[in-house]
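Novice: If you scroll down you'll find the structure; I have some questions about it.
The values are calculated or read from the model by the stated rules, or taken from the named source; none is laboratory data. All values reported here derive from a predicted model rather than from experimental measurement. Cβ sites come from the backbone with ideal geometry, for glycine too, and all protein chains shown count toward neighbours.
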Amino acid sequence: MKLLTLPGVFVPISDSWMLADAIRQEAIGPGSQALDVCTGSGVLALAAAECGATTTAIDVSRRALLTVPLNAIRHGLRVRTLRGRTFARVAGEQFDLIVSNPPYVPSPRPDVPRQGASRAWEAGHDGRIVLDALCDEAPAHLRPGGALLLVHSSLIGTDATLERLQRAGLVDVEVRACERARWAR
Ligand SMILES: C[S@@+](CC[C@H](N)C(=O)[O-])C[C@H]1O[C@@H](n2cnc3c(N)ncnc32)[C@H](O)[C@@H]1O
């Protein structure tokens, strides 16, 4: 899928495409509701929309939210876009599929950047600030039988994510796919 990215918007890399492939293997289609948190260019939202799901895309970046409709039009798809942190803009809503490729790179600063391109990848000393919020909050936004697909580097702890998701109440928690990748930014 060819995508435009406005300056400052994260350009999809190998883990974006790995997660897009996993979305295509989910049993979603017309009548399903999908949510992409941390959407960037909209690559994952568009993969869900391509499957026929009614799709919402969330990001903190204004430029990302200008980019998503451009890519949606380019591919003849529709995506609802919302600006905000994690699930703040979808309070009370539930989805059949939630996907996210959050910022997960450990950073010298303890918090997340409020602006700039590094907001797309830096996530505190342990790289887990946004990921942990997703693990904790996603279950409340899943319909019965719904699924959450996340991607992150094994360097920040796969077991920590699996345990956190189980503690948050999810069942059948597993690593679906792994890929060797090189950070080349
Ligand atoms: C690693 S990029 C992923 C972009 C795209 N999903 C992909 O796979 O190519 C992370 C994105 O998350 C956004 N972001 C960072 N913190 C966020 C938060 N707390 N809530 C929502 N979006 C956030 C950034 O602006 C950036 O677009």
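Novice: List pairs: first residue in the range 2-16 and on the phi < 0 side of the Ramachandran plot, second residue more than 10 Å from the ligand (Cβ to nearest atom) and modelled with pLDDT under 95 anywhere in the structure, Cβ distance under 7 angstrom, at least six positions apart or on different chains.
Specialist: SER14/GLU179; SER14/ALA181; ASP15/ALA181
Novice: Name, by its number, the condition in (1) touching a residue at least 12 places away in the same chain (Cβ under 8 Å); (2) part of a loop (DSSP other than H, G, I, E, B); (3) closer than 24 Å to GLY8 by Cβ that does not hold for LEU134.
Specialist: Of (1) touching a residue at least 12 places away in the same chain (Cβ under 8 Å); (2) part of a loop (DSSP other than H, G, I, E, B); (3) closer than 24 Å to GLY8 by Cβ, only one is false for LEU134: (2).
Novice: Do we have any residue at all in the range 134-145 that's crowded, with 21+ Cβ neighbours inside 10 Å, modelled with pLDDT of 95 or more, within 12 Å of the ligand (Cβ to nearest atom) and under 21 Å from ALA20 (Cα atoms)?
Specialist: Yes; the residues of the range 134-145 include at least one that is crowded, with 21+ Cβ neighbours inside 10 Å, modelled with pLDDT of 95 or more, within 12 Å of the ligand (Cβ to nearest atom) and under 21 Å from ALA20 (Cα atoms).
Novice: Across the range 114-131, what is the total count of residues that are surrounded by fewer than 17 Cβ atoms within 10 Å (Cβ to Cβ) and either within 13 Å of the ligand (Cβ to nearest atom) or in contact (Cβ under 8 Å) with a residue 40 or more places away in the chain (or both)?
Specialist: The qualifying residues number 5.
Novice: Right, here's the next one. Of the residues that make up the range 82-105, is at least one more than 9 Å from the ligand (Cβ to nearest atom) and of a type in the set (Ser, Thr, Tyr)?
Specialist: Checked against the condition, which is being more than 9 Å from the ligand (Cβ to nearest atom) and of a type in the set (Ser, Thr, Tyr), the range 82-105 yields no hits at all.
Novice: Out of the residues in the range 13-46 that are among the hydroxyl-bearing types (Ser, Thr, Tyr) and either within 8 Å of the ligand (Cβ to nearest atom) or part of a loop (DSSP other than H, G, I, E, B) (or both), state the one that is farthest from the chain's Cα centre (by Cα).
Specialist: Ranking the candidates gives SER32 first.
Novice: Something else now. Can you run down the residue pairs with Cβ atoms below 6 Å, 6 or more apart or on separate chains, where the first is in the range 40-55 and farther than 25 Å from PRO7 by Cα and the partner is modelled with pLDDT of 95 or more and within 14 Å of the ligand (Cβ to nearest atom)?
Specialist: If the second residue must be modelled with pLDDT of 95 or more and within 14 Å of the ligand (Cβ to nearest atom), the pairs left are ALA53/ALA34.
Novice: Anything in the range 1-44 that is surrounded by fewer than 24 Cβ atoms within 10 Å (Cβ to Cβ), under 16 Å from ILE98 (Cβ atoms) and of a type in the set (Asp, Glu)? List them, or say none.
Specialist: Scanning the range 1-44 gives a single hit, GLU26.
Novice: Also, I was wondering about something else. Given the criteria touching a Gly at 6+ places or on another chain (Cβ under 7 Å), buried (at least 18 other Cβ atoms within 10 Å of the Cβ) and in contact (Cβ under 8 Å) with a residue 12 or more places away in the chain, does ALA72 qualify?
Specialist: So ALA72 passes the test.
Novice: Which one of these does ILE156 not meet: (1) touching a helix residue (DSSP H, G or I) at 6+ places or on another chain (Cβ under 9 Å); (2) among the aliphatic types (A, V, I, L, M); (3) closer than 25 Å to PRO7 by Cβ?
Specialist: (3) is the only condition that ILE156 fails.
Novice: For the structure I just gave you, tell me whether GLN25 is without any contact (Cβ under 8 Å) to a residue 60 or more places away in the chain and over 11 Å from VAL79 (Cβ atoms).
Specialist: Yes.
Novice: Counting only residues that are in contact with a strand residue (DSSP E or B) (Cβ under 8 Å, 6 or more places away or on another chain), over 12 Å from CYS38 (Cα atoms) and in a loop (DSSP other than H, G, I, E, B), how many does the range 107-122 have?
Specialist: Count: 4.
Novice: If you don't mind, another one. Could you tell me which of the residues ALA57, ALA64, ALA49 is at pLDDT 95 or above, more than 11 Å from the ligand (Cβ to nearest atom), within 17 Å of VAL90 (Cβ to Cβ) and out of contact with any His (no Cβ under 7 Å at 6 or more places or on another chain)?
Specialist: Going through ALA57, ALA64, ALA49 in turn, just one is at pLDDT 95 or above, more than 11 Å from the ligand (Cβ to nearest atom), within 17 Å of VAL90 (Cβ to Cβ) and out of contact with any His (no Cβ under 7 Å at 6 or more places or on another chain): ALA49.
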